[in-house]
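Q: I have a structure here, written as structure tokens, and I will follow up with some questions on it.
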Ligand SMILES: Nc1ncnc2c1ncn2[C@@H]1O[C@H](COP(=O)(O)OP(=O)(O)OP(=O)(O)O)[C@@H](O)[C@H]1O
Ligand SMILES: [Mg+2]
């Protein structure tokens with residue numbers, strides 16, 4: 001399942017890297033502690049977080065995440081957005097909280113298998 | 001044989017303390033160098049984790065530092081050498097959850113007290129030494145081939 005399909009299904013708003021929405025999502029990780037995400041997430045994951053600082057782009061790049069979804073309508077900081085455009089990392093925004101969004105994406109991925 | 005003779009490649013990068021807007025760029029460069037070498041995914045992945053944590057600690061706590069990457073036929077070595085406050089109690093600092101990160105650092109999502117622990121977990125060999133008011137030195141070695149063959 002790609003990011004575009006998840007975005008459509010869950011009404012996510014796209015903030016960067018529209019040309020990367022065909023990135024395939026193979027799993028997900030939810031977390032706001034960056035060293036936890038660094039250690040425990042995987043390449044191909046969609047990363048669900050409420051962190052909006054530009055360090056999230058460096059982490060998503062290093063870990064080769066499919067993209068980042070910000071929860072609770074959090075918007076990326078200005079420099080985060082600039083960096084995400086440079087590095088071509090999709091950042092999306094959801095109105096849902098982390099628990100609900102994670103559950104929905106988990107189910108979508110499970111159904112897709 | 002002297003280990004230095006085996007060096008295939010060495011790269012060094014300067015890191016500026018306090019500069020969070022550049023944080024992670026050195027790790028990204030090191031990762032792309034390792035990827036080009038066609039090293040196993042797992043080696044690249046673990047190197048990126050340990051390098052990133054060392055880089056962020058320099059940015060978070062030190063004045064400045066240097067991260068160097070040394071590639072040998074059977075290993076990748078990452079060293080992080082900084083000038084800064086040093087770590088008074090290394091055993092304590094290594095414990096998961098221990099952190100002296102200030103509010104600004106925590107607001108960005110750092111300061112869980114997991115970095116050094118992760119470095120230890122993902123390296124095959126990890127050495128740390130530190131002198132208060134001087135700086136901290138980390139050496140991480142990751143084997144690129146199975147140890148026993
Ligand atoms: N290079 C360094 N110079 C000075 N002190 C350091 C350095 N690296 C780590 N420390 C000290 O050791 C503590 C633990 O470091 P560690 O990386 O494990 O966790 P953290 O940086 O606090 O949080 P996290 O890495 O999870 O974001 C730090 O809070 C700091 O007090
Ligand atoms: Mg740390």
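Q: Find the residue count for segment B:70-114, including only residues that are touching a strand residue (DSSP E or B) at 6+ places or on another chain (Cβ under 7 Å) and near ligand 1 (Cβ under 8 Å from one of its atoms).
A: 5
Q: Look at residue B:67 and say whether it is in contact (Cβ under 8 Å) with a residue 40 or more places away in the chain and either facing chain A (nearest Cβ under 10 Å) or touching a strand residue (DSSP E or B) at 6+ places or on another chain (Cβ under 9 Å) (or both).
A: Answer is yes for this residue.
Q: With the checklist (1) closer than 22 Å to residue B:27 by Cα; (2) free of Cβ contacts under 8 Å to residues at least 12 places away in the same chain; (3) away from chain B (no Cβ under 12 Å) in hand, flag the one item residue A:100 doesn't pass.
A: Evaluating residue A:100 over (1) closer than 22 Å to residue B:27 by Cα; (2) free of Cβ contacts under 8 Å to residues at least 12 places away in the same chain; (3) away from chain B (no Cβ under 12 Å) leaves (1) as the failure.
Per-residue answers, yes or no, for (1) within 13 Å of chain B (Cβ to nearest Cβ); (2) over 25 Å from residue B:46 (Cα atoms); (3) in contact (Cβ under 8 Å) with a residue 60 or more places away in the chain:
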{"position": "A:31", "(1), (2), (3)": "yes, no, no"}
{"position": "A:39", "(1), (2), (3)": "yes, no, no"}
{"position": "A:60", "(1), (2), (3)": "yes, no, no"}
{"position": "A:78", "(1), (2), (3)": "yes, yes, no"}
{"position": "A:85", "(1), (2), (3)": "no, yes, yes"}
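Q: So in segment B:128-140, with the set limited to residues that are buried (at least 19 other Cβ atoms within 10 Å of the Cβ) and under 22 Å from residue B:43 (Cα atoms), which one is nearest to ligand 2 (Cβ to nearest atom)?
A: Top of the filtered list is B:138.
Q: Looking at the structure I just gave you, is residue B:48 within 10 Å of chain A (Cβ to nearest Cβ) and away from ligand 2 (no atom under 12 Å from the Cβ)?
A: Yes, satisfied.
Q: Residue by residue through segment B:107-121, note down the ones that are in a helix (DSSP H, G or I) and within 11 Å of ligand 2 (Cβ to nearest atom).
A: Within segment B:107-121, B:115, B:116, B:117, B:118, B:119 meet the criteria.
Q: Related question: Counting just the residues of segment B:115-127 that are buried (at least 18 other Cβ atoms within 10 Å of the Cβ) and within 11 Å of ligand 1 (Cβ to nearest atom), which one comes out nearest to residue A:52 (Cα to Cα)?
A: If we take residues in segment B:115-127 being buried (at least 18 other Cβ atoms within 10 Å of the Cβ) and within 11 Å of ligand 1 (Cβ to nearest atom), then B:115 is nearest to residue A:52 (Cα to Cα).
Q: Going by the structure shown, is residue A:49 under 20 Å from residue A:6 (Cβ atoms), in contact with a strand residue (DSSP E or B) (Cβ under 9 Å, 6 or more places away or on another chain) and surrounded by 22 or more Cβ atoms within 10 Å (Cβ to Cβ)?
A: Taking the combined requirement at face value, the residue satisfies it.
Q: Of the conditions (1) surrounded by fewer than 21 Cβ atoms within 10 Å (Cβ to Cβ); (2) in contact (Cβ under 8 Å) with a residue 60 or more places away in the chain; (3) within 15 Å of ligand 2 (Cβ to nearest atom), residue B:95 satisfies every one except a single condition; which number is it?
A: Going through (1) surrounded by fewer than 21 Cβ atoms within 10 Å (Cβ to Cβ); (2) in contact (Cβ under 8 Å) with a residue 60 or more places away in the chain; (3) within 15 Å of ligand 2 (Cβ to nearest atom) one by one, residue B:95 breaks only (2).
Q: Of B:121, B:136, B:144, which residue is under 24 Å from residue B:35 (Cα atoms) and in contact with a strand residue (DSSP E or B) (Cβ under 7 Å, 6 or more places away or on another chain)?
A: B:144
Q: Return the only residue of B:26, B:59 being away from ligand 2 (no atom under 13 Å from the Cβ) and under 13 Å from the mean Cα position of the chain (by Cα).
A: Exactly one residue qualifies, and that residue is B:26.
Q: Further, regarding this structure: Could you tell me whether residue B:39 is part of a loop (DSSP other than H, G, I, E, B), within 22 Å of residue A:39 (Cα to Cα) and more than 14 Å from ligand 1 (Cβ to nearest atom)?
A: yes
Every read-out reported here was derived from the displayed coordinates using simple, explicitly stated rules and does not represent laboratory data. Everything quoted here is computed from the prediction, not taken from an experiment. In this analysis, Cβ positions are derived from the backbone assuming ideal geometry, glycine residues included, and neighbour counts consider all displayed protein chains.
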